[in-house]
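To start, the structure under review is shown below, and the notes come after it.
The values are calculated or read from the model by the stated rules, or taken from the named source; none is laboratory data. These numbers come from a predicted model, not from an experiment. For neighbour counting, all protein chains shown are included, and Cβ atoms are generated from backbone atoms with ideal geometry for every residue, glycine included. Each accessible area value is taken on the protein alone, full model and side chains, heavy atoms only, with ligands, DNA and RNA left out. Shrake-Rupley method; radii C 1.70, N 1.55, O 1.52, S 1.80 Å.
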Amino acid sequence: MENDTVYSAISKYNQDKTRLMDILIEIQDNENYISDDAVRIISEKLELSIVDVEQTISFYHFLSKKSLGKYTIYLNNSVISNMNGRQIVAETFENEVGCKFGKVTEDGTIGLFDTACIGMSDQEPAALINGNVFIHLTPFRVKEIVRDIRAGKDVKNMHTSYLGGGQNKSEYLKSVVRNNIMRMGPVLSDDYNPGTIIKKKLVQLAPEQVIEEIKTSNIRGRGGAGFPTGFKWEFCRKAKGDKKYILCNADEGEPGTFKDRVILTERPKLLFEGMVIAGYSIGATEGILYLRYEYKYLKNYLENILEETRGKNLLGKDIGGIKGFNFDIRIQLGAGAYVCGEESALIESVEGKRGEPRDRPPFPVEKGYNDCPTVVNNVETLCSVVKIMLNGGEWYSSLGTHESTGTKVLSISGDCRYPGIYEVEWGLTISDILDMVGATGVQAIQVGGPSGSLIGPEEFERKLCYSDLVTGGSFIIFNYNRDLLKNVVLNFTDFFIEESCGSCVPCRAMTPLLKQKLEKILSGNGVANDLEDILKWGKLMKTNRCGLGHTAANPILTSLKNFRYLYEEKLERGKEYETGFNLEQAVSESCEATTRVPNF
Amino acid sequence: MADIINFTIDGKECMAEKGIFILQAAKENDIYIPSLCNYEGVKPQGSCRICSIKTNGQFVTACTTPVADGMEIENNTDEINDMRKSIIELLFVEGNHFCPACEMSGDCELQALAYRFQMMVPRFIYQFPLREIDARHPKILKDQNRCIRCKRCIRTIKDEKGRSVFAFYGRGKNIEVNVDPVLGSKLTDKLAAKAIEVCPVGSILPREKGFRTPIGQRKFDHEPIGSEYKH
Amino acid sequence: MSKPVIATATLAGCFGCHMSLLDIDEKILDLIELVEFNKSPIDDIKNFTKKCDIGLIEGGCCNSENVHVLKDFRNNCKILISFGECAIMGGLPAFRNPIPIKECLEEAYLNGPSVKGHNESGILPNDDEIPMMLDKVYPCHEIVKIDYFLPGCPPSAELIWNALTALISGKEMNLPYEVIKFD
Ligand SMILES: Cc1cc2nc3c(=O)[nH]c(=O)nc-3n(C[C@H](O)[C@H](O)[C@H](O)COP(=O)(O)O)c2cc1C
Ligand code: SF4
Ligand code: SF4
Ligand code: SF4
Ligand code: FES
Ligand code: FES
């Protein structure tokens, strides 16, 4: 019974307010919605008000107070999904299922929904069905899937053809997802015996010495912001607090990024060891892996590995024989919110709340999770740390360029012959990268995802490094057949409108207005002034609180900077002022309602 | 003795106690930095962004950023004032502000800021979103059309167990501030009055009372908001 | 030198702004000395007989006729002014804007308490002679270029006087704090 699910979820998490996310996810996954009753019971048991519980529910894309169907299908609507034939796939879904996107069939069996990038850009169109990933969708495959659903098959057993490579086909995963590892470097290479650093090195080193080694390597955070990892750890180590935490950011929400998914699949032990090293260095006893809901299919697999690791005394008490070094890791699922990748929003989310970024200062290293000093690091950063400890900071800093040391794992997708992940040293030019992945006739590249910039051929000699082109690792390549403004910039802008947490005025209100401007231009009603407005209005975004708001206008602003001709082509020439008002359009609704033929 | 530090605002030498927020520090030096979501005595949470100032070439919010020794702050510049005016205009077009029919007109902080910044018309297109009026509660009316999502009520109004009476619902442009169905109906007179008082606009109103102050005697009829400051 | 020519119109407004214009009391005599009125409800001239210097628009646009008049004003006036909240932001008529026009019409002609059961044929007015309703009430500047905005509901007589005399004499507008109000 439904209420049983609610009560058992609540007691499973000890009526703990800070585990509200887990409780809600558990109910959602079992009942495919969270009822009024459930909300009431949770609010009573957790001593929260009803609006407080609903505040969390309504924030996250994958939580819902309305039923989403016994089989909930989320089809990715990212640019890349569209480029790979999403439309025909979506139409087939609608025809076969018998309802539109955004709706549930009348019998409550199947719900069809859109979702932002699910981290499968090298194997789109892809969908999540009850948390399971389906890739390379075609009309044929869609028909097959819907037939299986109608036959009542368990989603897990609907993979007819093949399982993905590497660990994807392992016992606990059994997933069709492909790794597409195209190039390995020190992070991805499979030449390490997990636990070596803990057992051989940590035993001999003081935490400060570990931090020194990391500083020597000069590694900077791989999650996008590029903060020097050694310094971050040092700040946290020195911050006052009884308890400290290390959080691993596996939210990977930037459209076009999927490298963390592959690392989580193939190198989880490396990651967990990196968390242990970080925990040891800052003096933490608990680590939390924040896993985006889209990667829920990895959760059991990862938990199993954590258990195995505990068995080897690489987690738990007196780790690796180091007396008094206790550290364990738990996994926290997200529930669908790009902004939760922002470190302070991530912390709010781990505390069970809506993922609204915090004001800074204070920074997480002083006051983070549960107000304790906290380090948040990206998956790739933490894996690199192990290799730094293995081969030395000097060795690491000899890779890449002088100020951008080491390697970067790139997620490359779009119009190229070999989409997938590539680990390269910093310092390559964009042309090198295009040659590497087999891309020719390139019109534009979205570097760093929608929050980065759209660049054209004049910039292909730029270098990948912190002093030139910085990136969290996503490259989306567009050839000359792509309509950049209509199909790329508009889609990315919609993404930010959907993902803004809504707190800051410019972030929530300006982005939709900039989109309206773009639409006006696309509809042929733009004038030169509109471009000036965009530039002026766009500056306001710098007043927002977090990185999302700072970059939400970037798709429009960077395309206007680098592809101004695309905008100018569409302007009305010689006109100074144009509101874009269209009388025919404005009367059509009322004429239809009154069954009247418009006459002008 | 607390540490006293020196800083400047638009070139003017100022002093303040170390660690207090820039907004407060400016106030103590009789300098006005416009603010809206901030409410004295309540933990700030910069959401309106109107108090943004520039230091080191970057925008930061004065209500949440502690003042530091040697800080050079830009406040009353054309660029910053136009930024503030834009934010006010955004608030007018993103909601439904029919001032002529609003009980709060004349006493409203958003409107007062619009007057101060001489907003004759917003530069943005009116959005006219569909928003509701929640009239289920015995002591207050919650008009979503006028809510600027400043979180003042969310941050201030808690019941005896510390539970929120107001909370956000949703995210992005559709975010709303909802009243708890249970706690809202049990609101004490004192808390209801407090909620009405903290709301800077006409989104939380007393029931069955309205337009009590005649035109000409309202808060912002004669003097702009911030007139109590010298600078 | 000939006197500046002024035209005025009420679109989706309540005539309140025009009343306020008349509210400048005895100064109306000065105004008549200073300017000549053309198309306007004040003198009942129905069509433009010449190009005008200043057009004053009260009210936003709620139907095709309003749009037509507004465009006519734009074509015939050098300077166009939105005066009053309705012209500037739709005003009270724009209360309907968040609601789809179909629902508004049905409420007004089929389901509203005063009509329910009385409109047996269930017809919504659709004669070719009546103007077509727009999907929402548009602020004037979202349809044509507007040069100046005089807020208020209605704008105070003082504001209108100050603005008009400044425009006519080519001096800068001097608008004290008290005269700019949205109510
Ligand atoms: C809107 C937004 C989304 C972000 N998403 C991610 C993410 O998915 N993964 C990530 O590691 N960092 C993300 N970041 C950066 C984090 O805030 C933070 O800088 C990072 O996790 C720190 O780890 P690092 O120093 O190892 O890079 C995001 C930042 C913003 C503003
Ligand atoms: S910038 Fe946007 S996402 Fe970030 S805190 Fe502000 S509203 Fe939220
Ligand atoms: S809340 Fe303020 S700005 Fe909004 S309608 Fe009322 S008086 Fe005007
Ligand atoms: S109801 Fe009032 S106090 Fe509460 S968020 Fe809205 S505007 Fe602010
Ligand atoms: S007053 Fe500082 S952000 Fe609103
Ligand atoms: S008609 Fe003058 S303000 Fe509405």
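Things to note:
- A:R564, sole failed condition from (1) within 11 Å of another protein chain (Cβ to nearest Cβ); (2) open to solvent by 30 Å² or more (accessible area, probe 1.4 Å); (3) closer than 30 Å to A:A225 by Cβ: (1)
- Exclusive hit being closer than 30 Å to A:G85 by Cα and open to solvent by 10 Å² or more (accessible area, probe 1.4 Å), set A:G414, A:G420: A:G414
- Taking every residue in region A:355-368 that is within 14 Å of A:N544 (Cα to Cα) and pairing it with any residue that is of a type in the set (A, V, I, L, M) and open to solvent by less than 20 Å² (accessible area, probe 1.4 Å), at least 6 positions away or on another chain, the pairs with Cβ-Cβ distances below 8 Å are A:E356/A:V339; A:E356/A:A345; A:P357/A:V339; A:P357/A:A345; A:P357/A:L548; A:R358/A:A345; A:R358/A:I347.
- Pair list, Cβ under 8 Å, 6 or more apart: region B:89-104 residue away from ligand 5 (no atom under 16 Å from the Cβ), other residue at pLDDT below 95: B:C99/C:D183; B:P100/C:D183; B:C102/C:D183; B:E103/B:G210; B:E103/B:F211
- Residues that are closer than 19 Å to C:F182 by Cα and surrounded by fewer than 16 Cβ atoms within 10 Å (Cβ to Cβ) are absent from region C:75-90 altogether.
- For region B:127-135, the criterion of being away from ligand 5 (no atom under 16 Å from the Cβ), facing chain A (nearest Cβ under 7 Å) and open to solvent by 10 Å² or more (accessible area, probe 1.4 Å) is satisfied by no residue at all.
- Test: residue in region B:196-204 that is free of Cβ contacts under 8 Å to residues at least 60 places away in the same chain and outside any loop (DSSP other than H, G, I, E, B): yes
- Residue within region B:38-55 that is away from ligand 4 (no atom under 16 Å from the Cβ) and not in a strand (DSSP E or B) present: no
- Among the residues making up region B:96-113, those that are near ligand 3 (Cβ under 7 Å from one of its atoms) and either within 16 Å of C:I180 (Cα to Cα) or in contact with a Cys (Cβ under 8 Å, 6 or more places away or on another chain) (or both) are B:F98, B:C99, B:C102, B:S105, B:C108, B:L110, B:Q111.
- Region B:157-195 - residue that is in a loop (DSSP other than H, G, I, E, B) and surrounded by fewer than 16 Cβ atoms within 10 Å (Cβ to Cβ) and, of those, farthest from the other protein chains (Cβ to nearest Cβ): B:T188
- Criterion (crowded, with 22+ Cβ neighbours inside 10 Å and more than 14 Å from chain C (Cβ to nearest Cβ)) met by exactly one of B:G46, B:G106: B:G46
- Complete set of residues in region B:12-30 that are in contact (Cβ under 8 Å) with a residue 12 or more places away in the chain, open to solvent by 30 Å² or more (accessible area, probe 1.4 Å) and over 24 Å from the mean Cα position of the chain (by Cα): B:K12, B:M15, B:E17, B:K18
- Complete set of residues in region C:16-40 that are outside any loop (DSSP other than H, G, I, E, B) and either in contact with a Lys or Arg (Cβ under 9 Å, 6 or more places away or on another chain) or open to solvent by 70 Å² or more (accessible area, probe 1.4 Å) (or both): C:M19, C:L22, C:L29, C:D30, C:I32, C:E33, C:L34, C:E36
- Given (1) under 17 Å from the mean Cα position of the chain (by Cα); (2) facing chain C (nearest Cβ under 9 Å); (3) in a helix (DSSP H, G or I), number of the condition B:P100 does not satisfy: (1)
- Search result, residues across region C:41-73 that are open to solvent by 70 Å² or more (accessible area, probe 1.4 Å) and either of a type in the set (F, W, Y) or in a loop (DSSP other than H, G, I, E, B) (or both): C:I42, C:D44, C:K46, C:N47, C:T49, C:K50, C:K51
- Taken together, the residues in region B:137-171 that are of a type in the set (D, E, K, R) and either free of Cβ contacts under 8 Å to residues at least 60 places away in the same chain or more than 11 Å from ligand 4 (Cβ to nearest atom) (or both) amount to 8.
Let's see how each residue does on (1) within 16 Å of ligand 5 (Cβ to nearest atom); (2) in contact with a strand residue (DSSP E or B) (Cβ under 7 Å, 6 or more places away or on another chain); (3) among the aliphatic types (A, V, I, L, M):
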residue	(1), (2), (3)
B:P138	no, no, no
B:R146	no, no, no
B:R149	yes, yes, no
B:R152	yes, no, no
B:E160	no, no, no
B:G170	no, yes, no
B:K173	no, no, no
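- Summed over region A:583-597, residues that are assigned to a loop (DSSP other than H, G, I, E, B) and either open to solvent by 60 Å² or more (accessible area, probe 1.4 Å) or on the phi > 0 side of the Ramachandran plot (or both) total 2.
- Selection status of B:P138, at the interface with another protein chain (Cβ under 7 Å from one of its Cβ atoms) and open to solvent by 10 Å² or more (accessible area, probe 1.4 Å): no
- Which listed residue is out of contact with any His (no Cβ under 8 Å at 6 or more places or on another chain), open to solvent by 20 Å² or more (accessible area, probe 1.4 Å) and part of a helix (DSSP H, G or I), from A:D22, A:D52: A:D52
- Identity of the residue in region B:175-200, of a type in the set (V, I, T) and more than 20 Å from A:E499 (Cα to Cα), that ends up farthest from ligand 5 (Cβ to nearest atom): B:V182
One line per residue, one yes/no per condition, for (1) under 30 Å from A:E2 (Cα atoms); (2) over 24 Å from the mean Cα position of the chain (by Cα); (3) in a strand (DSSP E or B):
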residue	(1), (2), (3)
A:L75	yes, no, yes
A:V89	no, no, no
A:G108	yes, yes, no
A:D114	yes, no, yes
A:G119	no, no, no
A:Q123	no, no, no
A:K143	no, yes, no
A:Y162	no, yes, no
A:Y172	yes, no, no
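- Test: residue in region C:102-111 that is within 11 Å of chain B (Cβ to nearest Cβ) and at pLDDT 95 or above: yes
- The criterion of being over 13 Å from the mean Cα position of the chain (by Cα), modelled with pLDDT of 95 or more, surrounded by 15 or more Cβ atoms within 10 Å (Cβ to Cβ) and more than 8 Å from ligand 5 (Cβ to nearest atom) does not hold for B:I33.
- All of (1) away from chain B (no Cβ under 14 Å); (2) open to solvent by 10 Å² or more (accessible area, probe 1.4 Å); (3) part of a helix (DSSP H, G or I) hold for A:L314 with one exception: (3).
Here is a yes/no grid of residues against (1) assigned to a helix (DSSP H, G or I); (2) open to solvent by less than 60 Å² (accessible area, probe 1.4 Å):
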site: A:V176; (1), (2): no, yes
site: A:M182; (1), (2): no, no
site: A:S189; (1), (2): no, yes
site: A:Y192; (1), (2): no, yes
site: A:K201; (1), (2): yes, no
site: A:K240; (1), (2): no, no
site: A:N249; (1), (2): no, yes
site: A:F272; (1), (2): yes, yes
